[in-house]
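Novice: Below is one structure. I have some questions about it.
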Amino acid sequence: MKLSKVVAASAAVLALTATATACGSDDKDDSGSSGGGKIKVGIKYDQPGLGLKQPDGSFAGFDVDVATYVAKELGYKPSQIEFVETKSADRENALARGDVKFIAATYSITDERKQKVDFAGPYLLAHQDLLVKADSNISKGTDLNGKKLCSVTGSTSAENVKNTIAPKANLRKYSGYSECIAGLQSGAVDAVTTDDSILAGFAAQDKYKGQFKLAGLKLSNENYGVGIKKGDAALEKKINAALTKMVSDKAWDAAVKKNFGTSYKNEPAPKVGVIVK
Ligand code: GLU
């Protein structure tokens, strides 16, 4: 009697342990709401207002909120999301290797990138612009010729400078925009170019208040998409549905308000499937 109770109890413990192990050890990224599985999501870590790793280790920004909403629609709670840094130049490879399930990282949909990855969205329309010191007389693209200009490796911004905006600019390419901003502050570069959404986020930071200004040029259309591995049509469809729902239930507006506030005047929500050329 006594013994059989012990056996029964141990069996129960074993069963519990097995269940816990199955959940806990499952770091595969596709078990969704069915268990404790994780989903790995690529974001930027150094872009205030969009994707920022905060001193306490948490993440904040519009892309983070979009990613969290999309993950929820895929069946994952916020606690099941593991954010991974995907710098501009690493995004296509991170998706191809399967390091992350999807990327929400100021990732413009382009024909060139579509050779390697697929995109859901778009979910935001931004424009390339310039950030300069508050007293700078650089005000248009051609003013950049002969000037030290910073952008990021693997970005559309750097490509546009070389190809169209200012081919004679002395372009420095860093791996992240925060490094460009540090260079602008120190005087190592004369201007930083990328999406207005990103530049506005830096300009609004307390530590830079009053130091920089945006030129206010719409040098390109940057249609932000959610990057996924090439060929995953089912995932693309699910994410498109999530993005459409995020707009219709006003979570998109709430995320805009929370993250951009008065610092960035964004365009209205784009229609999923419609790219502004
Ligand atoms: N949206 C542009 C791009 O996808 C510039 C911002 C970035 O580098 O993330 O390249």
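Coordinate-derived values only; no laboratory data. Bear in mind that the values here come from a model prediction, so they are computed numbers and not experimental data. Cβ coordinates were reconstructed from backbone atoms using ideal geometry, including for glycine residues, and neighbour counts include every protein chain displayed.
Novice: Determine, from the Cβ-Cβ distance of Lys168 and Ala233 and an R0 of 45 Å, the FRET efficiency 1/(1 + (r/R0)^6), rounded to the nearest 0.05.
Specialist: It comes out at approximately 0.55.
Novice: Which shape class, rounded, prolate or oblate, goes with segment 140-277 when its Cα gyration tensor gives a ≥ b ≥ c as root eigenvalues, a/c under 1.5 marks rounded, and past that a/b bigger than b/c marks prolate?
Specialist: Prolate, since a/c reaches 1.5 and a/b exceeds b/c.
Novice: What is the packing order of peptides 263-274, 146-157, taking the mean over residues of other C-beta atoms within 10 Å and listing the highest first?
Specialist: Peptide ranking by packing, descending: 146-157, 263-274.
Novice: Is any residue of segment 211-234 close enough, with backbone N under 19 Å, to a label point placed 7 angstrom from the Cα of Lys140 along the Cα-Cβ axis, and if so, which?
Specialist: Answer for this model: 214-221.
Novice: In whole Å, how far is the Cα centre of segment 127-176 from that of segment 212-277?
Specialist: Computed from Cα coordinates, the inter-centre distance equals 24 Å.
Novice: Starting from the Cα gyration tensor of segment 123-171, take the square roots of the eigenvalues, sort them a ≥ b ≥ c, and report rounded, prolate or oblate (rounded when a/c is under 1.5, otherwise prolate if a/b is larger than b/c, else oblate).
Specialist: Verdict is oblate for segment 123-171.
Novice: Ordered by packing density, taken as the mean number of other Cβ atoms within 10 Å over each peptide's residues, highest first, how do 234-240, 133-139 rank?
Specialist: The packing order, highest mean first, is 234-240, 133-139.
Novice: Return the inverse of the average 1/r over all pairs of distinct C-alpha atoms in segment 68-151, which is the Kirkwood hydrodynamic radius, in Å to one decimal.
Specialist: Result for segment 68-151, one decimal place: 16.0 Å.
Novice: Per-residue counts of other Cβ atoms within 10 Å, averaged by peptide: what ranking do you get for 191-201, 242-252, highest first?
Specialist: 191-201, 242-252
Novice: Could you tell me which of Ser155, Ala169, Asn137 has its Cα farthest along the dipole of segment 104-210 towards the positive end, charges placed at Cβ (Lys, Arg +1; Asp, Glu -1), taken about the Cα centre?
Specialist: Working it through, the farthest residue towards the positive pole turns out to be Ala169.
Novice: State whether the chain is rounded, prolate or oblate according to the following rule on the C-alpha gyration tensor (a ≥ b ≥ c being the square roots of its eigenvalues): a/c under 1.5 gives rounded; otherwise a/b larger than b/c gives prolate, and the remaining case gives oblate.
Specialist: Because a/c hits 1.5 or more and a/b exceeds b/c, the chain counts as prolate.
Novice: Charges at C-beta only: +1 for Lys and Arg, -1 for Asp and Glu. How large is the resulting dipole of segment 188-277 about its Cα centre, in Debye rounded to 20?
Specialist: 220 debye
Novice: Additional query: Taking the simple approach of a point 7 Å from Cα along Cα-to-Cβ for both Ala89 and Leu217, what is their distance in nm?
Specialist: Simple spin-label model gives 2.4 nm for this pair.
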